[in-house]
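For reference, the structure discussed in these notes is given below.
The values are calculated or read from the model by the stated rules, or taken from the named source; none is laboratory data. What you see is a predicted model, and the numbers here were worked out from it, not measured in a lab. Glycine also receives a Cβ, built like all others from the backbone with ideal geometry; neighbour counts cover every protein chain displayed. Please note that ligands, DNA and RNA were not included when accessible areas were found on the heavy atoms of the full protein model with its side chains. Shrake-Rupley method; radii C 1.70, N 1.55, O 1.52, S 1.80 Å.
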Amino acid sequence: LLLNPPGYKKVEILSRTLNGLDIRYLEKYPIKGQSCVDMRSDRHSLLVRLGQRGGLCEPRFKPDEPTPRDRHDVGFFNWIPAEEQVWCFSDNAQFLRDLQISFDENALKSILGDDYDHSRLSEPRLLVYEPRVRDCAKLLADMLVQDEPCDQLFGESITMALLALIFDSAKKSPARAPANGLLPWQLRLAKDYLEDNFNRNVGLEEVAKLTGLSRSWFARGFRGSTGVAPYAFILQIRVRKAKELLLDPKTPIATIATLVGFADQSHFTKIFRRYAGATPREWREIWKS
């Protein structure tokens, strides 16, 4: 999508909807000289600055009052509540690269479950540097730019982690300690369900419901019990199943990719190499010899 909004020569947008959230990767080309754009929206908005070239570009509460800051690099985020007036001031910036997430309050309640706290929505926060938020935003941006087949579980996990980090960083009281792990029966149900459904696009909520937990608490507890996120766990299952199928030299690799739940052979090869240390073809040759 290509737009030409006020204050910019052009804005290129890639978008996707996950978890009821509108996720946008934006490449912006501001007009030459100074501009000040109203970023107010009827939805809550999170914007992470991933890249910038030339000049100055920063969020401001008032167009003529710079926001206090002690660093000018990228990687910060802005939290802008619905209907809050925040300005984007630009002075000869040439290029901006942002990840933006927009959503309503009901979507956030659904995602965070017991972690949800309305009071943390009310105050805008500008120029906040949190490396983990930046890293999650980069993963989502790469997902949109590469336009590769994406498991729903992966996208949901990243967006949930990112929003949980935003909320954790806004807490005015000590954070509630995360659970050490799932109860034995919860872990058994979750693992069995992922084993039985490894080859389809499993959603985080459907697994969490089995345990009686919100998506947030389930994901935290699952990692505490297994050491890996639910998405990584299901990828490990897929790779293990793929190894079994690769032992039959008559089965095409593209067919195996589909059987274990990947949309195409390219994505399958990338994930298999990450976990097995070799491509499917290389792994098959090793076991033939």
Subject >> Condition broken by V145, with the remaining ones in (1) at pLDDT below 90; (2) surrounded by fewer than 19 Cβ atoms within 10 Å (Cβ to Cβ); (3) assigned to a helix (DSSP H, G or I); (4) more than 14 Å from the chain's Cα centre (by Cα) satisfied >> reply: (4)
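Out of segment 252-289, which residues are among the polar types (S, T, N, Q) and in a helix (DSSP H, G or I)?
Let us first name the residues in segment 252-289 that are among the polar types (S, T, N, Q), namely 255, 258, 265-266, 269, 279, 289.
Of everything in segment 252-289, those that are among the polar types (S, T, N, Q) and in a helix (DSSP H, G or I) turn out to be T255, T258, Q265, S266, T269.
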**OP:** Go through the residues of segment 36-52 one by one and say whether even a single one is of a type in the set (S, T, N, Q), part of a strand (DSSP E or B), surrounded by fewer than 16 Cβ atoms within 10 Å (Cβ to Cβ) and in contact with a Leu (Cβ under 9 Å, 6 or more places away or on another chain).
**Re:** no
Original post:
Does I23 meet the test of being of a type in the set (V, I, T), in contact (Cβ under 8 Å) with a residue 60 or more places away in the chain and open to solvent by less than 50 Å² (accessible area, probe 1.4 Å)?
Top reply: yes
**OP:** Identify the residue in segment 80-120 that is in a strand (DSSP E or B), among the charged types (D, E, K, R) and open to solvent by 10 Å² or more (accessible area, probe 1.4 Å) and, among all such residues, is modelled with the highest pLDDT.
**Re:** R97
Original post:
Going through segment 79-96 one residue at a time, which ones are in contact with a Leu (Cβ under 6 Å, 6 or more places away or on another chain) and under 15 Å from C36 (Cα atoms)?
Top reply: D91
Original post:
Looking at segment 55-79, which of its residues are out of contact with any helix residue (DSSP H, G or I) (no Cβ under 9 Å at 6 or more places or on another chain), surrounded by 14 or more Cβ atoms within 10 Å (Cβ to Cβ) and either more than 24 Å from K9 (Cα to Cα) or of a type in the set (D, E, K, R) (or both)?
Top reply: E58, R60, T67
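Which one of these is part of a helix (DSSP H, G or I), touching a residue at least 40 places away in the same chain (Cβ under 8 Å) and under 16 Å from E156 (Cβ atoms): L235, L213?
Values: L213 fails: part of a helix (DSSP H, G or I).
Only one candidate qualifies: L235.
Is it the case, given these coordinates, that G7 is over 24 Å from the mean Cα position of the chain (by Cα), open to solvent by less than 20 Å² (accessible area, probe 1.4 Å) and not hydrophobic (A, V, I, L, M, F, W, C)?
Working: over 24 Å from the mean Cα position of the chain (by Cα): yes; open to solvent by less than 20 Å² (accessible area, probe 1.4 Å): yes; not hydrophobic (A, V, I, L, M, F, W, C): yes.
Yes: the conditions hold for G7.
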